[in-house]
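J.: Submitted below is the structure of interest, expressed as structure tokens.
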Amino acid sequence: MNRTAIRTLQRFLADNDRYRGKIDGIRGPKTLAAVNASLQTHADRLPDGAERWSDRRRAIACLQLACREKRIEVGPIDGLWGPQTEYAVDVLATLQETGSKPAPWRDQAPQDANPNGWYREAELEQTLGSPTRKPPMVVVPCPWKLALAWDLNTCPSGIGCHEQVADSLARILDRAHDHYGPQRLKELGLHRYGGCYNKRRKRGGTRWSTHAWGLAIDWDPAHNKLKWGRDRARLARPEYDTWWRLWEEEGWVSLGRTRNFDWMHVQAARL
Ligand SMILES: [Zn+2]
């Protein structure tokens with residue numbers, strides 16, 4: 001249970017008039033008192049021995065009850081932070097923030113539209129030439145403030161990409177900005193820019209990376225590591241559904257959405 005989850009808990013307690021403290025994600029005495037009051041009224045739903053649970057476990061149980069109240073499948077009220085609870089609490093957080101539950105991602109197959117006619121990865125060397133020569137590049141300005149993921153004090157003015165994908169990229173960035181707004185984009189970590197053009201081979205592979213043509217962009221690499229799957233990668237969460245839809249409508253491919261690894265990465269090339 002992290003700070004985000006504790007904020008979700010505090011919001012639930014506040015909505016039920018049990019908590020008037022700050023929504024700060026810190027499990028302090030006021031939060032604890034509200035948890036205990038809340039659990040007392042639902043004592044019939046708790047297993048025997050729950051009164052001896054640790055404060056942390058009681059806080060988790062309270063979140064589980066909050067999920068159940070909203071008909072979010074959470075499993076047994078056991079005060080344990082397993083994957084089902086974690087996912088359910090994520091859904092609860094989205095419900096609190098947006099007023100509705102996230103669309104189920106398993107039902108949303110990534111779109112395979114390709115309106116811009118992006119090449120397949122295997123064709124790139126023939127069509128765009130060898131990346132040993134630097135491709136023709138354009139800097140696309142970003143409508144929200146970017147920061148280099150590995151040096152957040154450095155703020156690039158835009159994204160340097162292959163000129164063939166620049167118009168598409170500009171449309172996507174505009175739409176993302178319109179949809180989320182700069183504040184939300186920052187909260188989502190989408191200001192953490194992980195780079196585009198980079199003359200290199202694929203990590204863990206021998207072929208050229210799509211980055212070597214300036215056709216791929218990495219977002220928030222620290223929270224979306226190469227080998228992480230849906231269970232860990234931040235960009236796999238439901239609040240990023242629209243983000244990904246905007247890319248997919250333009251034919252870009254998310255490796256996370258299609259292969260469930262490298263969630264930081266999106267590319268204007270077919271697999
Ligand atoms: Zn990448």
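The values are calculated or read from the model by the stated rules, or taken from the named source; none is laboratory data. Keep in mind the model is a prediction, meaning the values are calculated, not measured. Quick reminder, even Gly has a Cβ in these numbers, built from the backbone with ideal geometry, and neighbours come from all protein chains shown. Quick note on the areas: whole protein, heavy atoms, side chains included, nothing else; ligands and nucleic acids left out. Shrake-Rupley method; radii C 1.70, N 1.55, O 1.52, S 1.80 Å.
J.: How about segment 190-207: which of its residues are within 12 Å of the ligand (Cβ to nearest atom) and touching a Pro at 6+ places or on another chain (Cβ under 7 Å)?
T.: Those that are within 12 Å of the ligand (Cβ to nearest atom) and touching a Pro at 6+ places or on another chain (Cβ under 7 Å): 193, 194.
J.: Quick one: count up the residues across segment 12-38 that are within 17 Å of residue 54 (Cβ to Cβ) and open to solvent by less than 30 Å² (accessible area, probe 1.4 Å).
T.: Taking segment 12-38 and keeping what is within 17 Å of residue 54 (Cβ to Cβ), we get 26-29, 31-36, 38.
From what's left, open to solvent by less than 30 Å² (accessible area, probe 1.4 Å): 28, 31, 34-35, 38.
Final tally of qualifying residues: 5.
J.: Hey, another quick one. Checking residue 232 against (1) part of a loop (DSSP other than H, G, I, E, B); (2) touching a residue at least 12 places away in the same chain (Cβ under 8 Å); (3) more than 13 Å from the ligand (Cβ to nearest atom); (4) open to solvent by 40 Å² or more (accessible area, probe 1.4 Å): exactly one of these is not met. Which one?
T.: Checking residue 232 against (1) part of a loop (DSSP other than H, G, I, E, B); (2) touching a residue at least 12 places away in the same chain (Cβ under 8 Å); (3) more than 13 Å from the ligand (Cβ to nearest atom); (4) open to solvent by 40 Å² or more (accessible area, probe 1.4 Å), the one that fails is (2).
J.: Is it the case that some residue within segment 58-74 is open to solvent by less than 50 Å² (accessible area, probe 1.4 Å) and modelled with pLDDT under 95?
T.: yes
J.: Still on this structure, please answer the following. Only helices (runs of 4 or more DSSP H) wholly contained in segment 1-102 count here; list those with 3 or more residues that are assigned by TED's automatic domain parsing to the domain that holds residue 183, over 23 Å from residue 236 (Cα atoms) and among the polar types (S, T, N, Q).
T.: none
J.: Given (1) of a type in the set (Lys, Arg); (2) open to solvent by less than 50 Å² (accessible area, probe 1.4 Å); (3) part of a loop (DSSP other than H, G, I, E, B), where does residue 203 come up short, assuming only one miss?
T.: All conditions are met except number (2).
J.: Sticking with this structure for a sec: In segment 219-229, is there at least one residue being more than 11 Å from the chain's Cα centre (by Cα) and buried (at least 22 other Cβ atoms within 10 Å of the Cβ)?
T.: The answer is no, given that none of the residues of segment 219-229 is more than 11 Å from the chain's Cα centre (by Cα) and buried (at least 22 other Cβ atoms within 10 Å of the Cβ).
J.: Sticking with this one: Does residue 198 count as of a type outside the set (Gly, Ala, Ser) and in contact (Cβ under 8 Å) with a residue 24 or more places away in the chain? Steps first, please.
T.: Values: of a type outside the set (Gly, Ala, Ser): yes; in contact (Cβ under 8 Å) with a residue 24 or more places away in the chain: no.
Here the answer is no, as residue 198 does not meet what is asked.
J.: Turning to a different aspect of this structure: Being open to solvent by 10 Å² or more (accessible area, probe 1.4 Å) and either assigned by TED's automatic domain parsing to the domain that holds residue 87 or part of a helix (DSSP H, G or I) (or both) is the filter here, so list the residues in segment 239-255 that pass it.
T.: Quick first cut of segment 239-255, residues open to solvent by 10 Å² or more (accessible area, probe 1.4 Å) only: 239, 241-242, 245-246, 249-250, 253, 255.
If the condition is that a residue be open to solvent by 10 Å² or more (accessible area, probe 1.4 Å) and either assigned by TED's automatic domain parsing to the domain that holds residue 87 or part of a helix (DSSP H, G or I) (or both), then 239, 241, 242, 245, 246, 249, 255 are the ones that fit.
J.: Test residue 258 against the criterion of being open to solvent by 10 Å² or more (accessible area, probe 1.4 Å), away from the ligand (no atom under 13 Å from the Cβ) and part of a helix (DSSP H, G or I), and give yes or no.
T.: Answer is yes for this residue.
J.: May I ask you to list pairs of residues, at least six apart or on different chains, whose Cβ atoms are under 9 Å apart, with the first in segment 255-271 being within 10 Å of residue 229 (Cα to Cα) and the second being within 11 Å of the ligand (Cβ to nearest atom) and part of a helix (DSSP H, G or I)?
T.: 261/255; 262/255; 262/256; 263/255; 263/256
J.: Which of the residues that make up segment 142-158 are in contact (Cβ under 8 Å) with a residue 24 or more places away in the chain and touching a strand residue (DSSP E or B) at 6+ places or on another chain (Cβ under 7 Å)?
T.: Within segment 142-158, 142, 146, 147, 148, 149, 156 meet the criteria.
J.: Output the residues belonging to segment 208-218 that are more than 9 Å from the ligand (Cβ to nearest atom) and among the hydrophobic types (A, V, I, L, M, F, W, C).
T.: 208, 212, 213, 215
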